[in-house]
Amino acid sequence: MAKEVKTTCPYCGVGCGVIASVADDGAVSVRGDPDHPANFGRLCSKGSALAETIDLDGRLLEPEVNGKKVGWDRALDLVARRFSETIAGHGPDSVAFYLSGQLLTEDYYVANKLMKGFIGSANIDTNSRLCMASSVAGHRRAFGSDTVPGTYEDLELADVVILVGSNLVWCHPVLAQRLAAAKEARPEMKIVLVDPRRTMTADLADLHLAIRPDSDAALFNGLLGILNHPDCLEEHPNSPVGNSPHLDRDFIENHTCGFEEALAAAGCPDLDEIAHATGLNVRELSDFYSLFLKNEKTVTVYSQGVNQSEIGTDKVNSIINCHLATGRIGKPGMGPFSVTGQPNAMGGREVGGLANMLAAHMAIENPEHLEIVQGFWNSPTISSTPGLKAVDLFKAVKSGKIKALWIMATNPVDSMPEADDVKAAIVACPFVVVSDVLEKTDTLELAHVKLPAAAWGEKDGTVTNSERRISRQRPFLPLPGSAHPDWWIVTEVARRMGFASAFDYDGPAEIFAEHSRLSAYRNNGDRDFDIGAYAEIDRQAYDGLQPFQWPQRAGEVSETKRFFADGAFYTADGRARFVPVSGKVPDRHDPDYPFTLNTGRVRDHWHTMTRTGKAARLSSHMAEPFAELHPDDASVLGIAPAELVRLISSRGEVIVRALVTDRQQPGSIFVPMHWTDQFASKGRIDALVKARTDPYSGQPASKNARVRAERFAASAYAFAILAEKPNTIPADYWALARCNGGFRVEIATSGDAPDWSSLLQDWCKNPDAEMLSYRDSHSGEERFALFAGAKLLGAIFVARNPVAVSRSWAVEQLETPHEDTRQRFAVIAGRAGADQPDKGPIVCSCFGVGASQIVRAAGSGCHNVETIGKSLKAGTNCGSCRAEIRSILQAQLPIAAE
Ligand SMILES: Nc1nc2c(c(=O)[nH]1)N[C@H]1C(S)=C(S)[C@@H](COP(=O)(O)OP(=O)(O)OC[C@H]3O[C@@H](n4cnc5c(=O)[nH]c(N)nc54)[C@H](O)[C@@H]3O)O[C@H]1N2
Ligand SMILES: Nc1nc2c(c(=O)[nH]1)N[C@H]1C(S)=C(S)[C@@H](COP(=O)(O)OP(=O)(O)OC[C@H]3O[C@@H](n4cnc5c(=O)[nH]c(N)nc54)[C@H](O)[C@@H]3O)O[C@H]1N2
Ligand code: SF4
Ligand SMILES: [Mo]
């Protein structure tokens with residue numbers, strides 16, 4: 001009998017429930033949990049492939065000190081001793097923790113308690129600083145608390161959903177699926193996308209506003225002005241001035257303050273001026289503003305295009321201002337909605353994991369809150385001033401101020417701006433501890449002490465999703481090797497630092513109960529975060545805990561799904577604040593670096609690819625780092641499609657594949673954040689991004705940096721498929737991806753090319769293998785393949801121009817038996833036989849369906865996503881590729897019509 005365990009997906013903040021099923025032979029499969037209120041059974045491509053990412057290949061299984069395996073006692077003693085000695089010698093602010101929204105709430109709680117309450121420093125920050133900090137700061141400025149007012153259902157109930165700086169279809173796919181289903185049921189519902197790029201989310205939108213980067217505040221300030229002066233819109237010429245029917249005067253007067261100041265800062269709405277600032281035309285602006293004016297049920301969803309900016313907090317408040325002005329907050333189908341990225345970004349905020357927060361949504365600057373937390377923890381000391389935020393924290397590591405650093409569940413050498421400086425800082429730090437699940441990441445390689453943490457499927461605790469819903473992550477696999485959960489590692493160090501009684505937990509249930517008690521402790525309804533109903537939860541109840549939304553106060557069965565409908569906020573006077581915001585678009589013109597570098601995510605990869613990089617099917621969608629650039633820019637730079645481009649900033653450079661597309665605006669280049677030194681020779685995009693931060697949130701502007709671009713003059717390009725992972729790849733450019741049956745490698749060199757056939761032999765490590773080769777000295781093409789009997793060990797295809805071999809066909813050769821000579825020669829012929837038409841680039845990773853197959857199906861009468869699904873199965877499992885299928889079909893329309 002298979003064992004079935006209900007748990008939560010460890011990727012994005014949608015927080016989908018999954019059912020993991022473990023068969024008698026240990027095989028794991030994962031499906032969506034039909035009862036989980038976040039997804040009702042749905043999953044996206046990453047969630048569906050979870051079972052393919054949990055093997056032990058590459059796992060860190062024993063603690064290591066200076067590269068040598070040691071037992072836990074030695075490792076933990078050393079960490080405790082070095083932290084204690086550093087604190088004794090240089091004070092509590094000479095040490096720091098850098099955590100992650102991928103820790104569970106219980107892990108996060110104990111780490112925060114140790115640093116703030118027992119070490120007595122607030123030098124504890126998290127990768128949420130790179131992710132949500134501007135939303136947190138915006139919420140706190142407007143509401144007096146970090147509260148996300150709405151629920152997912154609001155997106156389904158709204159008449160207008162505005163997605164700002166959010167690629168929802170790729171980054172919150174199940175929420176996007178819910179939105180798409182709601183729109184299908186109610187086609188009159190309108191979706192607006194505000195994003196400089198035409199992403200796959202534009203496919204879902206009725207209106208795409210391709211704004212100038214960082215002009216969001218100008219757009220929403222314009223909206224605030226128009227709400228007051230609707231006469232500025234053509235459709236409303238006779239609206240009464242100064243008494244606009246579009247403002248909720250009652251709400252403004254009784255529940256807010258600062259409206260006039262915000263309005264004054266927004267200025268008199270002038271569509272031409274707004275058009276100039278945002279790069280949109282007046283028609284687009286008035287369409288957008290009219291939609292907002294005419295539809296009360298409006299939700300504005302925002303994400304990293306808003307947060308990751310030097311003016312991120314102002315952008316957030318410019319959006320919230322419009323919702324406050326119309327009273328559209330906390331009611332069904334209405335509200336500003338910051339969607340969180342990581343599975344437990346919200347849980348981290350709840351425990352106060354940020355350097356400027358205290359536990360349970362309390363404020364570090366508030367003496368009463370300090371007293372509450374210190375009293376509750378019975379702690380000897382408590383930090384009363386905010387600690388260093390991520391960018392400053394790593395600067396302090398670099399300057400030597402921080403002498404002992406513990407990094408948990410994050411990879412700052414790849415994800416922090418000025419990543420090479422961050423790397424240098426970590427190298428220079430006298431004592432670095434990294435807790436991770438893998439044995440090799442760009443950060444872990446620099447650690448003095450490596451601590452093996454339990455991974456998803458093994459760890460046990462809770463996470464909070466974007467709609468404040470707390471769900472359990474339950475283990476269904478045993479702890480491998482000596483790995484231990486993060487909460488255990490932290491408490492063991494705390495005990496050894498002399499704080500045994502405060503960290504004496506026998507499991508996550510006890511930690512969760514303490515966290516719940518603190519949330520309710522001396523909380524008379526004046527703090528939003530209260531889960532006092534779980535203050536006495538025991539192990540059994542914790543094991544059976546059903547997903548629930550907070551607040552859940554003790555003694556109440558809370559029916560409240562939303563915050564603020566009653567107009568009561570968490571500021572001292574209970575009123576929300578309008579925040580005056582400047583609509584000025586930062587001018588970053590720099591003649592040396594003429595391009596805007598926009599960065600972000602792709603559909604099937606997660607961050608630094610430590611998990612998604614393990615799954616062949618997730619690596620089949622985008623197999624190498626790339627730069628999307630507009631055809632006009634490519635032509636000026638002399639870059640042909642599929643050639644390589646070098647991007648250079650004042651901080652560093654990358655070499656990536658050029659993806660020429662008119663989805664990109666001229667002058668702007670998009671590069672994904674995912675590639676690291678583990679997967680590519682020079683793809684760490686954060687090495688280029690300058691550390692510019694928002695003054696209120698300290699969040700770095702990961703978007704919209706400045707770069708120069710030039711063609712990478714390759715002397716040779718190569719593509720290899722290999723049954724085994726290659727050890728070294730001697731080339732200026734390489735990118736490695738997993739595929740069924742082995743690995744695929746893209747290669748380019750600029751100088752002398754290596755001897756390709758010897759290289760292939762080195763990689764395949766089989767001196768008896770049979771080598772087949774093909775050389776055309778005229779065209780410069782070379783192809784080699786090595787066989788052990790019928791098995792292909794590896795093949796390499798070399799050309800002077802980008803290698804034209806079909807990747808999906810080539811990859812299949814690794815798992816195809818090549819019994820006779822004719823079949824083996826077909827490999828070096830480099831193309832599929834007539835009986836095996838090329839699939840083209842993979843679009844549907846669940847069923848391995850490629851773009852060429854979709855084009856062919858369109859040619860034979862499949863003109864919509866449904867008929868493609870019937871004919872090829874593409875898009876019928878997780879549905880993450882449906883937007884791409886639609887865009888491929890649309891591109892075929894003129895051809896079909898001819
Ligand atoms: N597939 C996948 N999904 C993920 C993740 C992943 O790694 N992979 N990571 C998760 C995490 S932690 C996060 S934080 C979320 C992020 O989710 P999103 O924020 O949706 O993703 P991004 O691609 O970072 O950025 C969103 C968009 O912002 C746009 N943008 C850039 N500058 C501006 C601007 O000035 N204004 C506006 N309006 N838009 C701009 C970019 O063009 C981009 O399309 O995704 C989560 N989900
Ligand atoms: N240029 C640019 N940079 C960005 C962004 C961007 O859009 N553009 N986005 C930013 C954002 S929003 C985010 S959230 C960050 C994400 O960036 P990171 O947090 O650096 O990326 P991850 O790959 O998620 O790193 C997680 C690490 O934790 C390990 N891990 C996984 N599970 C566990 C566990 O249970 N315990 C422990 N101890 N370790 C575990 C993984 O192996 C991995 O090494 O990147 C930021 N950087
Ligand atoms: S949308 Fe996808 S990645 Fe996000 S939680 Fe759901 S299944 Fe996981
Ligand atoms: Mo994030």
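Of the candidates GLU819, GLU815, GLU782, GLU770, the single residue that is of a type in the set (Asp, Glu) and closer than 17 Å to SER620 by Cα is GLU815.
The helices (runs of 4 or more DSSP H) located wholly in segment 325-421 that include 2 or more residues which are within 16 Å of ligand 2 (Cβ to nearest atom) and closer than 30 Å to ARG59 by Cβ occupy 345-350, 390-399, 412-415. Quick check on my filter: what residues within segment 316-345 are under 19 Å from the mean Cα position of the chain (by Cα), among the hydrophobic types (A, V, I, L, M, F, W, C) and within 16 Å of VAL301 (Cα to Cα)? Within segment 316-345, VAL316, PHE337, VAL339 qualify. Can you tell me which residue within segment 869-894, out of those that are surrounded by fewer than 17 Cβ atoms within 10 Å (Cβ to Cβ) and among the aliphatic types (A, V, I, L, M), is farthest from LEU175 (Cα to Cα)? Ranking the qualifying residues of segment 869-894, first place goes to LEU893. The condition of being among the small types (Gly, Ala, Ser) and within 30 Å of the chain's Cα centre (by Cα) holds for only one of GLY26, GLY32, that being GLY32. Taking the residues in segment 699-721 that are within 16 Å of ligand 4 (Cβ to nearest atom) and open to solvent by 10 Å² or more (accessible area, probe 1.4 Å) as candidates, determine which candidate is farthest from LEU393 (Cα to Cα). Step by step, filter segment 699-721, then rank; the result is LYS703. From the set of residues in segment 592-629 that are among the small types (Gly, Ala, Ser) and over 20 Å from ASP686 (Cβ atoms), which is nearest to ligand 3 (Cβ to nearest atom)? The residue in question is ALA615. The test for being out of contact with any Ser or Thr (no Cβ under 6 Å at 6 or more places or on another chain) and part of a helix (DSSP H, G or I) does not hold for LYS440.
From the list PRO485, PRO475, the one residue that fits, being within 30 Å of ARG31 (Cβ to Cβ), modelled with pLDDT of 95 or more and surrounded by fewer than 21 Cβ atoms within 10 Å (Cβ to Cβ), is PRO475. PHE143 passes every criterion in (1) more than 23 Å from the chain's Cα centre (by Cα); (2) among the aromatic types (Phe, Trp, Tyr); (3) within 16 Å of ligand 1 (Cβ to nearest atom) apart from (3). Can you find even one residue in segment 5-23 that is outside any strand (DSSP E or B) and open to solvent by 20 Å² or more (accessible area, probe 1.4 Å)? Yes: segment 5-23 contains one or more residues that are outside any strand (DSSP E or B) and open to solvent by 20 Å² or more (accessible area, probe 1.4 Å). Against the conditions (1) under 30 Å from ASN740 (Cβ atoms); (2) assigned to a strand (DSSP E or B), ARG708 satisfies every one except (1).
Counting only residues that are in contact (Cβ under 8 Å) with a residue 40 or more places away in the chain and either over 23 Å from the mean Cα position of the chain (by Cα) or over 18 Å from PRO580 (Cα atoms) (or both), segment 291-315 holds 15 of them. Filtered by the rule that a residue be open to solvent by less than 10 Å² (accessible area, probe 1.4 Å) and touching a Pro at 6+ places or on another chain (Cβ under 9 Å), segment 671-685 gives VAL671, PRO672, HIS674, TRP675, ALA680, GLY683, ILE685.
Close Cβ contacts (under 7 Å, 6 or more residues apart or on different chains) running from residues in segment 60-75 that are in the same structural domain as LEU444 (by TED's automatic domain parsing) and outside any loop (DSSP other than H, G, I, E, B) to residues that are hydroxyl-bearing (Ser, Thr, Tyr) and surrounded by 14 or more Cβ atoms within 10 Å (Cβ to Cβ) comprise TRP72/SER482.
Per-residue answers, yes or no, for (1) within 25 Å of PHE512 (Cβ to Cβ); (2) in contact with a Leu (Cβ under 8 Å, 6 or more places away or on another chain); (3) crowded, with 24+ Cβ neighbours inside 10 Å:
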position	(1), (2), (3)
GLY101	yes, no, yes
TYR108	yes, yes, yes
ILE124	yes, yes, yes
SER128	yes, yes, yes
ALA137	no, no, yes
ARG141	no, no, no
ASP159	no, no, no
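Filtering segment 203-222 to residues that are hydrophobic (A, V, I, L, M, F, W, C) and modelled with pLDDT under 95 leaves only LEU204.
Looking at the structure I just gave you, is ILE162 more than 28 Å from GLY457 (Cβ to Cβ), in a strand (DSSP E or B) and not polar (S, T, N, Q)? Considered against the rule, which asks whether it is more than 28 Å from GLY457 (Cβ to Cβ), in a strand (DSSP E or B) and not polar (S, T, N, Q), ILE162 comes out as yes.
Within segment 198-208, can one find any residue that is open to solvent by 40 Å² or more (accessible area, probe 1.4 Å), in a helix (DSSP H, G or I) and closer than 30 Å to PHE40 by Cβ? Checked segment 198-208: at least one residue is open to solvent by 40 Å² or more (accessible area, probe 1.4 Å), in a helix (DSSP H, G or I) and closer than 30 Å to PHE40 by Cβ. Among the residues making up segment 337-364, those that are of a type in the set (Gly, Ala, Ser) and away from ligand 1 (no atom under 16 Å from the Cβ) are GLY352, ALA355, ALA359, ALA360, ALA363. Checked against the criterion of being buried (at least 23 other Cβ atoms within 10 Å of the Cβ) and not hydroxyl-bearing (Ser, Thr, Tyr), the candidates GLY267, GLY305 yield just one match: GLY305. Being crowded, with 24+ Cβ neighbours inside 10 Å and within 22 Å of the chain's Cα centre (by Cα), is that true of even one residue in segment 218-226? Checked against the condition, which is being crowded, with 24+ Cβ neighbours inside 10 Å and within 22 Å of the chain's Cα centre (by Cα), segment 218-226 yields no hits at all. When the residues of segment 173-195 are filtered to those that are outside any helix (DSSP H, G or I) and open to solvent by 20 Å² or more (accessible area, probe 1.4 Å), the one that is nearest to PHE337 (Cα to Cα) is LYS190. Within segment 14-48, if we keep just the residues that are of a type in the set (Asp, Glu) and under 16 Å from ARG469 (Cβ atoms), the residue that is nearest to ligand 1 (Cβ to nearest atom) turns out to be ASP33. Tell me, please, whether a residue that is free of Cβ contacts under 8 Å to residues at least 60 places away in the same chain and closer than 20 Å to PHE563 by Cβ can be found in segment 340-347. No: segment 340-347 contains no residue that is free of Cβ contacts under 8 Å to residues at least 60 places away in the same chain and closer than 20 Å to PHE563 by Cβ. In this structure, does ALA687 turn out to be in contact with a Ser or Thr (Cβ under 9 Å, 6 or more places away or on another chain), more than 16 Å from ligand 3 (Cβ to nearest atom) and among the hydrophobic types (A, V, I, L, M, F, W, C)? Judged against the criteria, ALA687 is a match. Number of residues in segment 281-300 that are crowded, with 22+ Cβ neighbours inside 10 Å and either at pLDDT below 95 or not in a helix (DSSP H, G or I) (or both): the value is 3. Being within 16 Å of ligand 1 (Cβ to nearest atom), open to solvent by less than 10 Å² (accessible area, probe 1.4 Å), under 23 Å from LEU179 (Cβ atoms) and of a type in the set (S, T, N, Q) is the requirement here; does THR278 meet it? In short, no.
Of the residues making up segment 557-565, one or more are buried (at least 18 other Cβ atoms within 10 Å of the Cβ), over 28 Å from the mean Cα position of the chain (by Cα) and either on the phi > 0 side of the Ramachandran plot or of a type in the set (Gly, Ala, Ser) (or both).
The values are calculated or read from the model by the stated rules, or taken from the named source; none is laboratory data. Keep in mind the model is a prediction, meaning the values are calculated, not measured. Glycine gets a Cβ as well: all are built from the backbone with ideal geometry, and neighbour counts include every protein chain shown. Ligands, DNA and RNA are stripped out before the accessible areas are found, and what is left, the full protein with its side chains, is counted by its heavy atoms. Shrake-Rupley method; radii C 1.70, N 1.55, O 1.52, S 1.80 Å.
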